[in-house]
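For reference, the structure is listed below as structure tokens.
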Amino acid sequence: NDTSMYCDSEGVLRCKYCFEQDIQVDEEERHLKTPRHRRLVEQFVSQGNEVYGPIEAKDAKWFCKVCHGCTMESWDRVKAHLGGSKHRINLQRHLTKWYSRSDEQWHLDPPNGLVLHCVGDSHGGKYLFQSMSPKVKNHFITGSMFSFANGRRLVDLQKLGVKKDHAVLFSYGEIDVRCHIGRIASSEKILDYDKIINPLVCAYIERILGFIQGFGGALMVIILAVPPPSDRKPNPQAPFFGDLVGRVKITQRLNQALEKACGVHGLCFFQPFDGFTLADGTLNHIFSDGHVHIRSECCGPIHQKLVDILKTETSELESRMDRKAMVQIINGSG
């Protein structure tokens, strides 16, 4: 039996995935067959979410992404929350904040039937690309660039379903900017951020190169830039260290180091945030989710830029593999 539907406190039939308004009982079956509903179901299930819609498991509790700060200790509390007036009011206020509004506006497949896996933090691994396409698989593996680079985040690309003809986008660094690099520099009295950033980026790229080697060099990899910092809505579970000006500087230096390292190793550095960044280097609050993320409904331009990048990278990867095959043939014949 499908458990997508529930009734709110006013008796209105709603969908946990889509939050459609005023679904009539006789329209329930039609709604469950719509492309948008099926796409959102596939996205959330493929991301490994343990529950539906805006509710996700975190630290043995349930957390509602629509109602900031609402946590619940049992699934019974979750059901009560979904049907409550507070959630209904917040849902009406922020209806488009988490989900795409129409298949036509936001559905954008990667080129040439390519499957893209987005691995990483809540930016690239979740919110930025979750509304793009069913062929974009989001793998939210939380953590900092440091924890990923040093193997503290177990990532098995094959278990995630990655194959040689797929592409992988890696996204880490925002947590390092927001919480760690400035703190380490302050506690150890390091004046030059590059002394922390350069070894960090080196370890990060080395781990990613190891993944590529594991696929025989035939894996297309995209390195996502760190998004612009924000000072909106402090969250005890996602703390800030230092002032915003300092975090802007750290973000810029980290992205410069990432771009340079990608150039050295022939990797694609993807920086799609210019249109979302103010002149002072901070996130434009027009696009903010109220904290540190860009709202999903604003990500259409990022999706288009990514498709353009993938087209270029596909051609370059094919050329590299053709040259590699030719060298092997020549060496074999010699």
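The values are calculated or read from the model by the stated rules, or taken from the named source; none is laboratory data. Worth saying up front: this structure is predicted, and the values here are computed from it rather than measured. Using ideal geometry, Cβ is built from the backbone for each residue, glycine included, and neighbour counts are taken over all protein chains shown. Surface accessibility is based on the protein's heavy atoms, side chains included, excluding ligands, DNA and RNA. Shrake-Rupley method; radii C 1.70, N 1.55, O 1.52, S 1.80 Å.
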Quiz item: If you scan the range 180-203, which residues turn out to be touching a helix residue (DSSP H, G or I) at 6+ places or on another chain (Cβ under 8 Å), free of Cβ contacts under 8 Å to residues at least 12 places away in the same chain and not in a helix (DSSP H, G or I)?
Solution: I190, L191
Self-check item: Only one of D308, D322, D280 that is outside any helix (DSSP H, G or I) and either modelled with pLDDT under 80 or more than 17 Å from the chain's Cα centre (by Cα) (or both)
Solution: D280
Quiz item: For residues in the range 221-268 being acidic (D, E) and modelled with pLDDT under 95, which is least open to solvent (accessible area, probe 1.4 Å)?
Solution: D231
